[in-house]
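The values are calculated or read from the model by the stated rules, or taken from the named source; none is laboratory data. Bear in mind that the values here come from a model prediction, so they are computed numbers and not experimental data. Cβ atoms come from the backbone with ideal geometry, glycine included; neighbour counts cover every protein chain shown. Please note that ligands, DNA and RNA were not included when accessible areas were found on the heavy atoms of the full protein model with its side chains. Shrake-Rupley method; radii C 1.70, N 1.55, O 1.52, S 1.80 Å.
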Amino acid sequence: MHRSLTGISRFVFAGGLAAALFFAGRAPAQPAGHEADLRPPAVPLVASDPYLSIWSMSDTLNGDTTRHWTRHPHPLVSLIRVDGKSYRLMGAEPKDIPPIEQKSVQVFPTRTIYEFANESVRVSLTFTTPSLPDDLDVLARPLTYLTWDVRSADGKNHEVSLFESTSALLTVNEPAQKVEWKREAMGDLTALRAGTVDQTLLPPAGDDTRIDWGYVYLAAPTSQTSSAMGASTELAASFAERGTLTDRDDAQMPRAANDHEPALAFAFALGSVGDQPVSRHLMIAYDEIYSIKFLGQKQRPFWRRNGAGPKELFADAARDYAKLVDRCKAFDEELMADLTQTGGIRFARMCALAYRQALAGCGLSADANGQPMLFPKENSSNGCVATVDVFYPAAPQFLLMGPTYAKALVAPALVYSTSKRWKFPFAPHDVGTYPQANGQVYGGGEESKNEADMMPVEESGNMILLCAAIAKMDGNADFASKWWTQLTQWEGYLEKYGEDPENQLCTDDFMGHLAHNANLSVKAILAIAAYGEMCKMRGDVASAEKYHKLARQYAEHWMKMAGDGDHYRIAFDKPNTWSQKYNLVWDKLLDLDVFPAEVAQKEVAYYKKVMQKYGLPLDSRTRLTKSDWCLWTATLASDRGDFEAIVNPIYDYLNETTARLPFVDSFITDNKKSDGMRARPVIGGLFIKMLENDSTWKKWAGRDRFQLGEYAPAPVPPKITEVVPTSRTQPITWQYTTRRPAEGWSRSDFDAQGWKEGPGAFGTRGTPGINPETDWNTPDIWMRREITMPANLDPARVQLFLYHDENAEVYIDGILAAREPGYGTTYQPIEISEAARARLKPGARLVIAVHCHQTGGGQGIDLGFVDVSQKQP
């Protein structure tokens with residue numbers, strides 16, 4: 001029986017989240033009947049955003065080098081010296097120092113706790129990232145506490161000292177980039193920092209990239225520590241041999257990050273340690289300076305929005321340390337209990353492992369009005385930023401955290417959709433490539449002629465459903481009303497194309513185009529109903545009834561077209577097929593009352609018949625699954641047994657996989673060796689079960705205390721005028737070579753007589769967005785060209801105008817102007833480094849030099865300069 005039309009307005013609330021959950025791996029043996037602990041494939045250590053994301057990808061913390069989620073080494077090293085003998089706590093180096101035995105690891109939402117012991121001492125090393133959603137200012141800090149607690153294991157006193165070093169490799173995209181370092185006094189703290197010499201803010205954009213601007217900081221109380229900066233091996237050797245650090249800082253800088261690997265180090269002399277634990281801590285943080293470029297405007301990290309810098313960051317963090325440790329512990333314990341009650345201990349442990357990963361998959365910045373904007377990154381996919389079908393599956397965790405977080409998640413796409421740049425009648429797919437959120441790049445970007453490649457039904461349905469979920473939390477549709485023109489247009493698109501979708505991509509685009517997609521149709525139908533519920537909240541009861549009636553008509557038609565005996569098809573025209581109907585979960589969560597309950601019951605019963613060892617495949621075409629969608633599908637179940645039948649195999653995969661990676665959201669369900677997309681914010685989708693119970697959702701979301709203001713309007717696109725031409729309209733002659741040139745090739749005084757000459761652009765025919773005049777199909781090309789800067793020109797407004805496929809480096813008179821990894825499909829303005837910009841005098845004769853490296857597929861390179869002036873609204 002269908003319920004009456006009450007929907008969202010029957011249950012409304014306003015609020016935020018707190019979270020706590022226990023997850024343990026390799027712990028001591030448990031009593032008989034106790035659920036065995038989960039072994040994490042990778043353990044979060046320092047996880048704040050896509051750049052500050054360091055993991056242990058080993059059974060033990062001292063079994064391997066700590067790594068960025070891309071697997072590139074981001075070495076953190078910790079040693080302990082006991083009665084003159086040194087042991088390794090963290091990291092694989094120095095190899096000549098033996099590892100102390102690790103006894104256990106526990107992973108909580110905000111903490112990771114390692115326990116070590118030998119015959120003399122017991123050591124606890126805790127990583128605390130205070131991602132407390134009831135305090136946005138604290139959550140926004142890109143900072144993690146490392147705390148050591150040491151006590152005697154044999155009842156005797158022991159002389160103990162501790163060591164920690166943080167590598168300058170945290171500050172480079174490529175190990176050969178040059179870095180420098182310095183120390184700063186910050187009141188009672190000593191702070192050490194390192195960063196690249198070439199501070200090219202905000203590039204590189206792309207997927208397999210690491211930050212190479214801003215600075216990593218290590219800070220600790222001056223009274224408890226000694227400190228030094230230098231080669232990582234020498235710092236560790238000095239501590240191991242003498243229990244102290246070197247007397248002076250290494251002055252050989254700048255140098256490459258992989259040249260005697262520079263590191264920042266602290267040592268703690270604990271003195272004589274007995275039965276009472278002795279505790280020490282330090283703080284690791286990263287100051288990005290700017291975190292995102294949104295539609296041409298640089299945005300500060302949210303913690304910097306009111307003018308704070310590293311000094312204020314560390315002062316606040318040091319002051320709050322003791323209280324935050326206690327708050328994180330309480331936060332973790334409470335959510336552990338609720339997650340276990342909601343979905344069982346296995347569900348709870350998986351959510352614990354997912355919590356920090358989902359947050360660290362996003363950048364958090366402040367818009368021009370100081371309002372929070374979350375920018376999810378498509379890690380291990382294509383690097384897109386604010387992708388709608390990425391934050392859609394991620395949304396359950398952010399919805400649980402409260403309205404502020406959910407609004408910050410959808411805000412970039414909503415603001416972008418109001419700009420003059422977005423000309424389509426459906427919602428955007430993305431807002432750029434992280435951290436360059438300058439407009440859609442997927443599916444041909446803003447100039448695309450093929451709507452089917454842009455996921456039009458997918459993204460429009462996603463945006464409407466998430467706005468409806470926000471309205472449920474707020475108890476009103478005020479937030480949705482700010483974007484009502486866009487939401488209304490998208491609903492109209494779904495009315496026209498959503499009931500029986502044409503051949504197009506959906507979020508599972510790796511499976512290709514699919515016409516008459518039954519799961520995509522479910523999304524469109526429920527989005528229409530959700531739009532009607534928001535109409536009701538706005539006081540438009542007639543429209544609410546209209547859209548709910550329409551949605552139910554579409555649902556009846558859907559059941560006839562998709563029915564296939566004991567289940568429903570993947571597509572209306574494909575008998576003997578099936579697929580996960582995870583989008584159906586919104587009928588339940590938003591009380592939409594569109595599909596009869598037996599639809600979900602029939603699907604869940606069928607899913608149990610097609611389960612594989614490690615999970616439920618996405619559909620009948622594949623053995624591949626998505627962890628996030630499986631949890632959505634499991635939430636369709638009406639009893640705990642069916643829920644666990646779908647969830648538990650994923651737990652088994654995590655426990656047994658040989659792929660030592662952050663929580664993967666795609667893998668092959670009959671192969672424990674398979675890996676897939678990892679470290680992505682979509683894993684926040686695991687929390688969807690917590691939204692099923694109204695009182696649970698209300699409890700957590702109601703703790704959101706942040707007073708959100710008005711988001712700034714979309715920036716007006718700047719006026720871009722070529723002042724030093726590219727080869728877009730007329731070929732420009734360059735000198736070039738495809739053989740590695742001698743040192744100094746980018747300088748103005750370099751002799752390039754042996755180089756060839758040819759007209760730009762360079763590349764292979766058919767590469768999107770460029771028309772090559774000179775064939776280039778080798779892995780590398782080096783190019784030079786002499787130019788004269790226009791006389792009447794403001795150097796502050798000049799930017800490069802670059803097409804690159806793939807990795808490009810640009811120099812002006814031998815000075816690095818920009819480094820752009822990956823590829824683009826259009827010419828884009830690129831900011832010039834300050835050092836190179838100083839050469840841009842009006843009338844100056846300059847040599848611009850470019851190196852482009854290609855790994856596969858189409859390729860192309862071209863370059864000019866543009867004047868970029870901000871137009872007035």
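Taking all protein chains in place and a 1.4 Å probe, what share, in percent, of the accessible surface of the chain do carbon and sulfur account for?
47
What ranking, highest mean first, results for peptides 465-474, 297-306, 203-212, 745-754 when packing means the other Cβ atoms within 10 Å averaged over each residue?
465-474, 203-212, 297-306, 745-754
From the C-alpha gyration tensor of the stretch 76-164, pull out the three semi-axes of the equivalent ellipsoid (sqrt of 5λ each), sorted largest to smallest, in whole Å.
The answer is 28, 14, 11 Å, longest axis first.
Mind giving me the FRET efficiency for Arg623 and Lys449? R0 is 41 Å, r the Cβ-Cβ distance, nearest 0.05 is fine.
Efficiency at R0 = 41 Å is approximately 0.70.
Just in the stretch 75-135: which trypsin sites (Lys or Arg not before Pro) are loop by DSSP and have at most 14 other Cβ atoms within 10 Å?
Lys95
Taking volume of the Cα convex hull per residue in Å³ as the quantity of interest, determine which of (1) 200; (2) 159; (3) 259 was computed from the displayed structure.
Looking at volume of the Cα convex hull per residue in Å³ for this model, the match is (2).
Applying 1/(1 + (r/R0)^6) with R0 = 41 Å to the Cβ-Cβ distance of Asp478 and Tyr606, what FRET efficiency is obtained, to the nearest 0.05?
It comes out at approximately 0.50.
Once you order the gyration tensor axes a ≥ b ≥ c over the Cα atoms, which shape class does the stretch 255-311 get: rounded for a/c under 1.5, otherwise prolate or oblate by comparing a/b with b/c?
Verdict is oblate for the stretch 255-311.
Could you tally the net charge around Leu52, taking each other residue with its Cβ under 15 Å from the Cβ of Leu52, Lys/Arg +1 and Asp/Glu -1?
So the environment of Leu52 carries a net charge of +3.
State, to one decimal in nm, how far the label point of Arg248 lies from the label point of Lys546, with both points 7 Å from Cα in the Cβ direction.
8.1
For the stretch 582-673, what does the alpha-carbon gyration tensor say about shape, rounded, prolate or oblate, given a ≥ b ≥ c as the root eigenvalues, a/c under 1.5 as rounded, and a/b over b/c as prolate?
prolate
Using a simple spin-label model with points 7 Å from Cα along the Cα→Cβ vector, what separation in nm is obtained for Arg39 and Gln553?
Calculated label separation equals 5.8 nm.
Over the stretch 560-645, average the accessible area per residue using a 1.4 Å probe and give it in Å², no decimals.
34
Check cross-link reach from Lys423 to the lysines: straight Cα distance under 16 Å, and skip same-chain residues fewer than eight apart.
Straight-distance partners of Lys423: Lys449.
Would you tally the net charge around Ala220, using a Cβ to Cβ cut-off of less than 11 Å, leaving Ala220 out, and scoring K and R as +1, D and E as -1?
Residues near Ala220 contribute -1 overall.
How many percent of DSSP beta bridges within the chain run antiparallel, rounded to 5?
The answer is about 95 percent antiparallel.
Taking a 32 Å limit on the Cα-Cα distance, which of the listed pairs Lys581/Lys672; Lys182/Lys298; Lys293/Lys689; Lys673/Lys699; Lys377/Lys472; Lys581/Lys699 fall beyond it?
Lys293/Lys689; Lys673/Lys699
Amide H neighbours of Ala817 under 5 Å, at least 5 residues apart or on other chains, H built in the peptide plane: list them.
HN-HN under 5 Å from Ala817: Val810, Tyr811, Ile812.
What's the FRET efficiency of Thr658 with Lys420 using the Cβ-Cβ distance as r and R₀ = 45 Å, to the nearest 0.05?
E between Thr658 and Lys420, to the nearest 0.05, is 0.35.
Going by average Cβ density within 10 Å per residue, which order do the peptides 531-544, 815-828 take, highest to lowest?
For the peptides 531-544, 815-828, the packing ranking is 815-828, 531-544.
Hey, can you rank 363-369, 183-189 by average C-beta count inside 10 Å, highest first?
363-369, 183-189
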